[in-house]
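The values are calculated or read from the model by the stated rules, or taken from the named source; none is laboratory data. Here the structure is a predicted model, which is why all the values come from computation and not from measurement. Note that we place each Cβ from the backbone using ideal geometry, even for glycine, and neighbour counts take in every protein chain shown. Note: accessible area is taken over every heavy atom of the protein model, side chains too, but ligands, DNA and RNA are not part of it. Shrake-Rupley method; radii C 1.70, N 1.55, O 1.52, S 1.80 Å.
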Amino acid sequence: MRLANDWLSVLCAVTALSGCQGAITGDGGGGASLASFPGSAGSPPTASAGTGVAPDCQGGPQAAEAPLRRLSREQYANTVAALLAGSKDVSNAFELDERIGGFESNAVIPVSPTSVARYRDAAESLAADAASHVADVLPCDPAKLGESACAKRFIETFGRRAYRRPLETAEVDKLLELYSGRRAKSDFPGAVGLVIQAVLQSPHFLYRVELAPAARAGDVVPVQGTELATRLAYFFWQAGPDDILLDAAAAGELDSLDGVERHAERLFADERARAGVRSFARQWLGLDKLLTLDKNAQRFPDFTEQVRRSMFEEGLRFAEESFRGQDRSLATFLGGNFSYVDAPLARFYGIAAPGAPAGRVEFSDGKRGGLLTLGGFLTVTSHPSEASPILRGKLIRENFLCEPLQPPPPGVNVTPPVRDPNTSTKVWLASHRSNPSCQGCHQLMDPIGFIFQHYDAVGRYTDLDGTLPVDAAGEVVTSGDAAGRYDGVTELSQGLARSTQVRTCLAEQLVRYAVGRPRAEQDRCSIQQATAELGNSTFDLRALLFGIVSSDAFRFRKVAP
C-alpha cells in the first residue's frame, strides 16, 4: 500500500537543504521531492579547475567542493541488505548510474520520473517483504515492550542506520505519526512496513547528505562526525556505516586523524571491505561491460555466458587479493604470475583446472600474468571480432597514466578499414596514424595497444596476427617516466610498476572514486601525499588506500557559495 497523501515532507531546516519540498512518490508520500532536492535538478557544487598553480602542500588543508551524491545501484543494494536482513536485491530495476570522473556518482543528471517511480516501487516491495517477517527487523519485542514503544525504538534505530545519522526529534515524531495512522487501520507489521517505505524513499536515505556548516563560502572545513563515517563506510564497504562507526562519530573519535585511521583499520579488516575493492576495480577497468558486450559467436563459439561471468569474477577476485591478500605490491598487481579461475575459465584459457571451484592458479610459461593479461580486461578492450589496439592503448593512456584523450573531430570516419588477414595489425591501422585528423591521438594509443597483440578479442593467448606471426613490440609515448619501448605485456607491466606517473595516476583514480567527482586542482597535494605513502610502504596497495582516507581531499571539503 502506498503512503498516505498527507505524509509530511522531510524537514529541511538547514541552508543546505532549503527548497526541499513535495514528495518523492509523486502521490504525496515519502518525504522530500527528489526532483527538487539539491543536486538533482541541476549541477551540484563541483570543484573548480583552478589556475594550474600547485598549491602549497605545507600550508592549510586543500580540498574542493563536494557534490551531493545519490546512492549508486550497488550502494543501494548493499545498504538495504544491511538494514533489512534477508532482503532481495531490487537495484537492477533502477536506471544506470551516472559516471563522473570515470566512477559512479549520480551527482549531476536530474532524477527522472521513471527513477522516482522505481524508487517508490522498490520501497514498497522491500517494506512488504520486511513486514512479512517483521520480528527479524525489529530491535525489540512488541509483546514485551508494547507496540508503540517498540515502534518508536525501531524508528530511532532503523532511521539512524538508514539516514546515517541520529534522527531529529521532529523526524521521529512524524514517522511515529505515520506509524500510528496506519496502525489504527491495519496490523502492526503493516504499520512498521509503512515506516520502512517512508524511510527508503526519503532523500536522507537516497542521498549522501553533507550539511553546510556555519562557515563562509570558500572556507575549507573538516568533514565531521557521521558525514565522515559515511565517507569511510562507502569507500571501504560500498554500504552505510554500522552502529560501531556511528557511535564513534557521535563520541568525536573521527575528529582526529588517529581516530580516522584506527576506524579505517577496522573497516578494512572486515570482510565487507571486499566490496569496496571489487567495486573500484569494476568501475576503473570497465569490467561490468563483460556481462553485456557482444562477441562474434561464429568466431568465438566457446565464449559462453559462463565464461564471461567467470572472467568477471576473475577480475574482481584478482583485484581483491591484490589489495587485501598477502602480497599487495603494485608490481604483483600489474605483473604477478597467477590468477583465480574456475574450471570453465581454465578450459577456455587452455590451462589446467584449479583444485578449488575458483582457486588460485600459477602461470609458468610467461604467457599470462598480472592485471593486464586478465581475460576480462582484454575482452572489454576489444571489438566483437577483433582485438583492438586502439581501445587497449586508450585505457592504458587514460586509466594508468591519467592522460585523457580528446574525442575525434566532428565528421571524421572512425571506422577502421576492412581487415585483410594477410596484413599485420600495424599495417592495418597505419592509416589512422598517417591521417592528420587522427594521428595526434592514435600515435598515443596505437603503439601501446600493439604491445597486447598476443591476446585475441576474448583474451586468449595467440602467436598469430591473422596469418602472420605476432609482433608485440610497441611504445609508450609520454612525458612521464613510463615512456619507452616494450616488447610484450610482461615488459609493459614491469615498466608501469616502476613508474611514478603510474603510481600517481592510481592515487588519482582512487581519489576520484572516493569523492565522486573529477580531479580538482585542490586535490594535487592529497594525490602527492597518497603516492608518497605508497612509496614509503614499498608499494603496498593497502597503504595507498589508507593514504587516501588520511588525505585532505577525503577529510575536508570547501564550502559552496
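With respect to Ala483, determine if the residue is of a type in the set (A, V, I, L, M) and out of contact with any His (no Cβ under 7 Å at 6 or more places or on another chain).
yes
I'm checking my understanding of the structure. Among residues of region 364-378 that are among the charged types (D, E, K, R) and in contact (Cβ under 8 Å) with a residue 12 or more places away in the chain, which one is farthest from Leu395 (Cα to Cα)?
Lys367
With the checklist (1) at negative phi; (2) out of contact with any Asp or Glu (no Cβ under 6 Å at 6 or more places or on another chain); (3) at pLDDT 95 or above in hand, flag the one item Ala353 doesn't pass.
For Ala353, the failing item is (3).
Kindly indicate the residue of region 176-229 that is over 23 Å from Ser256 (Cα atoms) and of a type in the set (Lys, Arg) and also surrounded by the fewest Cβ atoms within 10 Å (Cβ to Cβ) among those meeting that condition.
Lys185
Check region 318-340 and report whether any residue there is on the phi < 0 side of the Ramachandran plot and in contact with a His (Cβ under 9 Å, 6 or more places away or on another chain).
No, every residue in region 318-340 fails to be on the phi < 0 side of the Ramachandran plot and in contact with a His (Cβ under 9 Å, 6 or more places away or on another chain).
Please state which one of Val502, Val511 is within 17 Å of Ser329 (Cβ to Cβ), assigned to a helix (DSSP H, G or I) and in contact with a helix residue (DSSP H, G or I) (Cβ under 9 Å, 6 or more places away or on another chain).
On inspection, the qualifying residue turns out to be Val502.
Report, by residue number, each residue of region 83-112 that is assigned to a helix (DSSP H, G or I) and surrounded by 18 or more Cβ atoms within 10 Å (Cβ to Cβ).
Leu83, Ser91
Tell me which of these Phe154 doesn't satisfy, since it passes every other one: (1) hydrophobic (A, V, I, L, M, F, W, C); (2) modelled with pLDDT under 95; (3) in a helix (DSSP H, G or I).
Of the numbered conditions (1) hydrophobic (A, V, I, L, M, F, W, C); (2) modelled with pLDDT under 95; (3) in a helix (DSSP H, G or I), the odd one out for Phe154 is (2).
If Ala352 meets every condition in (1) open to solvent by 60 Å² or more (accessible area, probe 1.4 Å); (2) part of a strand (DSSP E or B) apart from one, which number is that one?
(2)
Residue under question is Val477, and the condition is that it be at pLDDT 95 or above and either closer than 30 Å to Lys295 by Cα or hydrophobic (A, V, I, L, M, F, W, C) (or both); does it hold?
So Val477 does not fit the description; no.
Considering each of Ser148, Ser125 in turn, give the residue that is open to solvent by 30 Å² or more (accessible area, probe 1.4 Å), outside any loop (DSSP other than H, G, I, E, B), in contact (Cβ under 8 Å) with a residue 24 or more places away in the chain and under 19 Å from Thr79 (Cβ atoms).
The conditions single out Ser125.
Look through Val427, Val458 and report the one residue that is open to solvent by 30 Å² or more (accessible area, probe 1.4 Å), within 25 Å of Leu492 (Cα to Cα) and at pLDDT 75 or above.
Among Val427, Val458, only Val427 is open to solvent by 30 Å² or more (accessible area, probe 1.4 Å), within 25 Å of Leu492 (Cα to Cα) and at pLDDT 75 or above.
Quick test of your reading of the structure: Ser479 fulfils all but one of (1) part of a helix (DSSP H, G or I); (2) hydroxyl-bearing (Ser, Thr, Tyr); (3) without any contact (Cβ under 8 Å) to a residue 24 or more places away in the chain. Name the failing condition by number.
Just one mismatch for Ser479, condition (1).
Looking only at region 355-366, filter to residues that are in contact with a Ser or Thr (Cβ under 8 Å, 6 or more places away or on another chain) and in a loop (DSSP other than H, G, I, E, B); which one of those is most open to solvent (accessible area, probe 1.4 Å)?
Gly366
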